[in-house]
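Trainee: First, the structure itself, so that you have it in front of you.
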Protein chains: 4
Amino acid sequence: MSELLVSKWLNTKGEISLDNLRGNVVLVYVFQMLCPACILHSIPQAKKVHQMFALENLQVLGLHSVFEHHDAMEEKSLRAFMHEFRVKFPVGIDKASIRTKGIIPQTMEKYSMQGTPSLLIYDKNGELKLQHFGHMDDMELGVIVGTLISGDIS
Amino acid sequence: MSELLVSKWLNTKGEISLDNLRGNVVLVYVFQMLCPACILHSIPQAKKVHQMFALENLQVLGLHSVFEHHDAMEEKSLRAFMHEFRVKFPVGIDKASIRTKGIIPQTMEKYSMQGTPSLLIYDKNGELKLQHFGHMDDMELGVIVGTLISGDIS
Amino acid sequence: MSELLVSKWLNTKGEISLDNLRGNVVLVYVFQMLCPACILHSIPQAKKVHQMFALENLQVLGLHSVFEHHDAMEEKSLRAFMHEFRVKFPVGIDKASIRTKGIIPQTMEKYSMQGTPSLLIYDKNGELKLQHFGHMDDMELGVIVGTLISGDIS
Amino acid sequence: MSELLVSKWLNTKGEISLDNLRGNVVLVYVFQMLCPACILHSIPQAKKVHQMFALENLQVLGLHSVFEHHDAMEEKSLRAFMHEFRVKFPVGIDKASIRTKGIIPQTMEKYSMQGTPSLLIYDKNGELKLQHFGHMDDMELGVIVGTLISGDIS
């Protein structure tokens, strides 16, 4: 399993790891707080899934992977954004990378993401089932989630 | 299984029955061509599911269950509606009922539907899993479909 | 002035004519009850303008100009449509034309309209200021209406 | 006339003042870059008006009036926001106020604004014709703009 490389988790006590979330379908919404498609489409969808599956074996996570305008999207700005947009699920800050001179953060680089928004979907065994760049249609996402959530744990 | 009572099927050759559709998840969109919520929300969704699952074990059906303004929604009007709104899936005309003096059609009565739009969802074994009055959210529908389509046939 | 050629007015007592409406800005929404863009965009906009200017010198009219599927959009169907979609402003039925063998109705032909929805906008002097094919953006319409309604009568 | 109190203008060379804009209808969109209704509704509308009236006597201005999360919405963040959201019209930064301990900025206080988004509309004579709290409907705005833009300069 390819763990998320996170410098700090917000909206949660303690650490979060994909490993500890085994048994749950996990959706990771990779975003930047000043990315228009993230704000207009993906974050609202993430909030909707988070609410819809509050009582089920599904965990929504955010991953703040900043690759541009770094000084405009620091932790204090992210916290204000999350407060204003009522983001209640855990959000991790993607780890800065020395190798990329602080430009592309570590998880983003490791997964070779093309940008934000990106969506990572893991099944109950922690296996990455889908990596999607751009916004995903609600119904399409629902089908994937419905399929995975009714699946067994190996 | 509770068959649909249909006087005529449009957009298809031959008869359609839930029994013959075993092995498929079946979605029946019950509508009236002059019902605003049907036109604005449910028919567009039905078309979307129909396209999305064109190659899979899922069948979308329409059921035209007229319970008001009968003379404004006769077959010729329904055909014009389907042509203009590009409805490509099979649509059955709910059978007129002598018992209700032609007001409530037979399938609508048999299922005790509250009005239109209504949605009936059957699993691969032809068992009715959900009867919903009003429009259903895209993601919610996706989850149900994803769950049923990954289910086995008994 | 180029009068509308109407066989019957619904939603109003007596006749309606552009001549009698002098002193008002007049918007004529030309539609067919089974035209998707009319139902999804233009009729909702017409209802909105009608409500917004209920107390001002502006009159919204509908004109039902059927040029296809004639037997599916007869008066009884139009009445059911207007009831279901809560259309409260006057709607005229465009006069059938012998010259076009009953296909293109008279007002539609006279104005050389390209189809539905079309919008005709007259100033307070009854002069046609704009003829538009297709749906018009809300803000664009607002600007035109705001300009005309603050204009004088000559 | 009640001038805007601005510490710095972005997206423009030199100073901007309502006085110098006489002869133009002026729309001032008061916003915070992390206010959801501003991002989702008002900024998109401001961009639309700005484009629609590019060649006419109408000027769109932004006013960044931060009254919460100040350290998350500094100039560098605002600049990144404007870049990402393609804001091309001039945006002024509302002047910090010693009197309110840096909380409510000066223009916001002077106009007794209730929050963001707020919209100020001035006629060609520089007179404030409307101060609106919350988002304004496109058609409603169009009517006001159409009325003012066809008005004379006294």
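Trainee: In which sequence would A:Asp94, D:Asp123 go, from the one with the fewest C-beta neighbours within 10 Å to the one with the most?
Mentor: Numbers: A:Asp94 24, D:Asp123 21.
So the ranking, lowest neighbour count to highest, is D:Asp123, A:Asp94.
Trainee: Would the range A:88-135 count as rounded, prolate or oblate if I go by the C-alpha gyration tensor, calling it rounded below 1.5 in a/c and otherwise prolate when a/b exceeds b/c, oblate otherwise? Each step should come with its number before you reach the end.
Mentor: On the way: a/c = 1.78, a/b = 1.63, b/c = 1.09.
Cα axes put the range A:88-135 in the prolate bin.
Trainee: Related question: Quick check on the protein assembly as shown: helices-only [θ] at 222 nm, where DSSP H runs of length 4 and up contribute -39,500 (n - 2.57) each and the sum goes over total residues. Nearest 500, please.
Mentor: Values: 16 runs with 148 residues, N = 616.
Roughly -7000 deg cm²/dmol at 222 nm, from the helical runs in the protein assembly as shown.
Trainee: Given Cα pairs under 8 Å that are at least 6 residues apart, what percent is the relative contact order of chain A?
Mentor: Working: 260 pairs, mean separation 50.6, N = 154.
Averaging sequence separation for qualifying contacts and normalising by length gives 33 percent for chain A.
Trainee: Run the dipole for the range A:1-48 about the Cα centre, Lys and Arg Cβ at +1, Asp and Glu Cβ at -1, nothing else charged, and hand back the magnitude in debye, nearest 20. Can you show the working numbers first?
Mentor: Values: 5 positive and 3 negative charges, 44 e Å.
It comes to approximately 220 debye.
Trainee: Along each of its three principal axes, how wide is the spread of alpha-carbon positions in the range B:114-154, in whole angstrom units, largest first?
Mentor: Sorted largest first, the three principal extents are 32, 20, 8 Å.
Trainee: Got the C:Asp19 label distances to the other copies yet, label 7 Å along Cα→Cβ, in nm, shortest first?
Mentor: From this label point to the equivalent ones elsewhere in the assembly: 5.7, 6.8, 8.9 nm.
Trainee: Taking a quarter of the surface of the convex hull around the Cα atoms of the range B:35-131, what do you get in nm²? Don't skip to the end; give the middle numbers.
Mentor: On the way: hull surface 26.6 nm².
So the Cα hull casts an average projection of 6.7 nm².
Trainee: Additional query: Counting other Cβ atoms within 10 Å, keep those with at most 16, restrict to DSSP loop, and tell me which trypsin sites (Lys or Arg not before Pro) in the range C:6-111 are left.
Mentor: Values: sites: C:Lys8, C:Lys13, C:Arg22, C:Lys47, C:Lys48, C:Lys76, C:Arg79, C:Arg86, C:Lys88, C:Lys95, C:Arg99, C:Lys101, C:Lys110; in loops: C:Lys13, C:Arg22, C:Arg86, C:Lys88, C:Lys95, C:Arg99, C:Lys101.
Loop-located and lightly packed - C:Lys13, C:Arg22, C:Arg86, C:Lys88, C:Arg99, C:Lys101.
Trainee: I would also like to ask the following. So how many Lys-Lys pairs in the range C:35-134 land under 29 Å Cα to Cα, not counting same-chain pairs under 8 apart?
Mentor: Lysine pairs meeting the criterion: 25.
Trainee: Still on this structure, please answer the following. So how many Å³ per residue does the convex hull of the Cα atoms of the range C:1-80 work out to? Don't jump to the answer; show the numbers that get you there.
Mentor: Numbers: hull volume 8.8 nm³, N = 80.
Considering the Cα atoms of the range C:1-80, their hull volume per residue is 110 Å³.
Trainee: Sorted from shortest, what are the nm distances separating the label point of A:Lys76 from equivalent points in the other copies, each placed 7 Å from Cα along Cα to C-beta?
Mentor: 1.0, 7.3, 7.4
Trainee: Looking at the protein assembly as shown from every direction and averaging, what is the projected area of its Cα convex hull in nm²?
Mentor: Details: hull surface 137.7 nm².
Its Cα hull, projected and averaged over all orientations, spans 34.4 nm².
Trainee: To continue, here is another question. Rounded to the nearest Å, what's the spacing between the alpha carbon centres of the range D:92-154 and the range A:1-37? Just the number, please.
Mentor: Cα centres, the range D:92-154 to the range A:1-37: 41 Å.
Trainee: Between B:Lys13 and B:Ile153, what's the calculated FRET efficiency when r is the beta-carbon distance and R0 is 22 Å? Round to 0.05.
Mentor: After rounding to 0.05, the efficiency reads 0.30.
Trainee: Given points 7 Å out from each Cα along the Cα-Cβ axis, report the D:Lys48 to B:Leu40 separation in nanometres with one decimal.
Mentor: Each label point is offset 7 Å from its Cα along the Cβ direction, giving 1.7 nm.
Trainee: Report, for C:Gly102, each distance to the same residue's label point in the other copies, shortest first and in nm; define the point 7 Å along Cα→Cβ.
Mentor: Result for C:Gly102, in nm, nearest copy first: 2.3, 7.9, 8.0.
Where a number appears in this text, it was derived from the coordinates with a stated rule and is not lab data. None of these values were measured; they are calculated from a predicted model. Backbone-built Cβ (ideal geometry, glycine too); neighbour counts: all protein chains shown.
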